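Asker: Quick one: the structure is below, and I'll ask about it shortly.
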Amino acid sequence: MEHPKYKIALIVGAGEGLSASLARLLSAQGIRVALAARKIEKLGALCTETGAKAYACNATDPEEVERLFGLVEREIGTPDLVVYNASGRTRGPFVDQVPADVANAIAISAYGGFLVAQQAAKRMLPNKHGAILFTGASASVKGYAQSASFAMGKFALRGLAQSLARELSPQGIHIAHFVIDGGIRSTARTEPDDKPDSMLDPDAIAESYWNVLQQPRSAWSWELELRPWVEKF
């Protein structure tokens, strides 16, 4: 059974956590990696480690997103695997939320995903090949108190993914949305010694992304939920 092959990956909303794990895994598989973020100063070490190239981009700006894809095409090649990892949020009592801040949070979580996916799909459709992956959260399926903007943005991103899966999957493009239902382990955020594996390991999440990418098209997933074994849901 033949598995899909990807050559060039673009990760938007790149940082030191899940994006870094994905970059390492993909580069180890022989895939060339481009990383995009608003600020790329902290990506230098990761680029050196993985051979990736970093690009500054505001994912909520249509012109910057189009420019990003153009640069990646010219300098690396046309991405056939795109991951949208960016998200925005504001926290606090609902009546105290600043409308402009909420609008910005929703734009980062959802509108940016639309812009990136649109540019990706335009390039993938002629070849009837590619994958677009969206990183969701617990808030994709359940809204928490004092976190309305995050829930609105992540609900919208999930809706975008589901719509695209129905439209683009029959045209050869694998769309998948990942519900990351729990805290992600990092150097700044680790679980207590008496609760091992109570947080999601970013390397383990990346492995799940890769497993979905290897699915034969006769049995594609459009959504996968990931949570630690002790997480309540």
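The values are calculated or read from the model by the stated rules, or taken from the named source; none is laboratory data. Owing to the predicted nature of the structure, the values given are computational and were not obtained by experimental measurement. With ideal geometry, Cβ positions are generated from the backbone for all residues, glycine too; neighbour counts draw on all protein chains shown. Areas reflect the complete protein model, heavy atoms only, side chains present, ligands, DNA and RNA absent. Shrake-Rupley method; radii C 1.70, N 1.55, O 1.52, S 1.80 Å.
Asker: When only the heavy atoms of the protein chains count and the probe is 1.4 Å, how do R217, R67, R227 rank by accessible area, highest first? All intermediate terms of the calculation are to be shown ahead of the outcome.
Answerer: On the way: R217 210, R67 145, R227 60 Å².
Output order, biggest surface exposure first: R217, R67, R227.
Asker: Next question. Only four residue types carry charge here, +1 at the Cβ of Lys and Arg and -1 at the Cβ of Asp and Glu. Report the dipole size of the stretch 1-83 about the Cα centre in Debye, rounded to the nearest 20. Walk me through the intermediate numbers first.
Answerer: On the way: 10 positive and 11 negative charges, 48 e Å.
About 240 debye.
Asker: Using the Karplus curve 6.51 cos²θ - 1.76 cosθ + 1.60 with θ = phi - 60°, work out ³J(HN,Hα) for each residue of the stretch 151-158 in order, rounded to whole Hz, and write x for Gly and Pro.
Answerer: So the J values, rounded to whole Hz, are 5, 4, x, 6, 4, 5, 5, 5.
Asker: What FRET efficiency, computed as 1/(1 + (r/R0)^6) with R0 = 41 Å and r the Cβ-Cβ distance, is obtained for A28 and D101, rounded to the nearest 0.05? Walk me through the numbers on the way to the answer.
Answerer: Working: r = 39 Å, r/R0 = 0.94.
That gives a FRET efficiency of 0.60.
Asker: Could you state the accessible area per residue of the chain in Å², with a 1.4 Å probe and every protein chain left in place?
Answerer: Numbers: 11880 Å² over 233 residues.
The answer is 51 Å² per residue.
Asker: Same structure, new question: Return the FRET efficiency for the residue pair E75, S186: r is the Cβ-Cβ distance, R0 is 35 Å, and the value is rounded to the nearest 0.05. Intermediate values should be presented prior to the final figure.
Answerer: Numbers: r = 30 Å, r/R0 = 0.85.
Rounded to the nearest 0.05, the efficiency is 0.70.
Asker: Binning every alpha carbon pair distance of the stretch 1-82 at 5 Å from zero, what are the percents per bin?
Answerer: 3, 16, 29, 25, 17, 7, 3, 1, 0
Asker: Please say if the stretch 41-148 is rounded, prolate or oblate, where rounded means a/c under 1.5 for a ≥ b ≥ c the square roots of the C-alpha gyration tensor eigenvalues, and otherwise the choice is prolate for a/b larger than b/c and oblate otherwise? If you can, show how the numbers build up before the last one.
Answerer: Numbers: a/c = 2.16, a/b = 1.77, b/c = 1.22.
Note, shape of the stretch 41-148 comes out prolate.
Asker: Next question. Please report, to two decimal places, log10 I(q)/I(0) for the stretch 100-189 at q = 0.19 Å⁻¹ as given by the Debye formula with identical point scatterers on the Cα atoms and no solvent.
Answerer: The Debye formula, applied to the Cα set alone, gives -0.87.
Asker: Sequence gap at least 6, Cα distance under 8 Å: using those rules, report the relative contact order of the stretch 1-157 to the nearest whole percent.
Answerer: On the way: 279 pairs, mean separation 35.9, N = 157.
This gives 23 percent for the stretch 1-157.
Asker: Between E207 and D61, what length comes free when the chain is fully extended (0.36 nm per residue of separation minus the Cα-Cα distance, one decimal in nm)? Before the final figure, lay out each step's value.
Answerer: On the way: separation 146, 0.36 × 146 = 52.56 nm, distance 3.06 nm.
That pair, E207 and D61, stretches by 49.5 nm at full extension.
Asker: A further question on this structure: How do 131-144, 8-21, 183-196 rank on mean C-beta neighbours within 10 Å, highest first? Mind dumping the intermediate values first?
Answerer: Numbers: 131-144: 21.6, 8-21: 23.4, 183-196: 11.4.
With the highest mean Cβ count within 10 Å placed first, the list reads 8-21, 131-144, 183-196.
Asker: While we're looking at this one, here's another question. Scan around Y55 for amide H atoms under 5 Å from its own, H built in the peptide plane at 1.01 Å from N, and keep only partners 5 or more places away or cross-chain.
Answerer: Those lying under 5 Å, H to H, from Y55 are L35, A36, A37.
Asker: Report, for the chain, the % of DSSP beta bridges that are antiparallel, rounded to 5. Don't jump to the answer; show the numbers that get you there.
Answerer: On the way: 1 of 29 bridges.
The antiparallel fraction comes to roughly 5 percent.
Asker: So what is the calculated 222 nm ellipticity per residue for the chain, using -39500 (n - 2.57) for each DSSP H run with n of 4 or more, over all residues, to the nearest 500 deg cm²/dmol? Write out the running numbers ahead of the final one.
Answerer: On the way: 7 runs with 86 residues, N = 233.
That comes out to -11500 deg cm²/dmol.
Asker: Is the chain best put as rounded, prolate or oblate by its Cα gyration tensor, with a ≥ b ≥ c the root eigenvalues, rounded for a/c under 1.5, and otherwise prolate when a/b is larger than b/c, oblate when not?
Answerer: Working: a/c = 1.35, a/b = 1.23, b/c = 1.10.
Rounded is the answer for the chain, as its axis ratio a/c remains below 1.5.
Asker: To continue, here is another question. Is there a quick way to get the dipole size of the chain? I mean about its Cα centre, with the Cβ of Lys and Arg at +1 and of Asp and Glu at -1; what is the value in debye to the nearest 20?
Answerer: Details: 25 positive and 25 negative charges, 94 e Å.
Roughly 460 debye, rounded to the nearest 20.
Asker: Let me ask something else. I need the calculated FRET efficiency for the pair Q215 and H129, taking r as the beta carbon distance and R₀ as 22 Å, to the nearest 0.05.
Answerer: Details: r = 14 Å, r/R0 = 0.64.
According to the calculation, E is roughly 0.95.
Asker: Pulled fully out, how much extra length does the chain show between E225 and A45, if you take 0.36 nm times their separation in residues and subtract their Cα-Cα distance? Each step should come with its number before you reach the end.
Answerer: Details: separation 180, 0.36 × 180 = 64.80 nm, distance 3.03 nm.
Extra length available between E225 and A45 comes to 61.8 nm.
Asker: Ranked from highest to lowest mean number of other Cβ atoms within 10 Å per residue, what is the order of the peptides 146-153, 82-89, 57-64, 219-226? Numbers along the way, then the final one.
Answerer: Details: 146-153: 21.2, 82-89: 25.1, 57-64: 18.5, 219-226: 14.6.
Packing proxy ranking, top to bottom: 82-89, 146-153, 57-64, 219-226.
Asker: Suppose each label sits 7 Å from its Cα in the direction of the beta carbon; what would the K122-D197 distance come out to in nanometres?
Answerer: Rounded to a tenth, the inter-label distance reads 4.5 nm.
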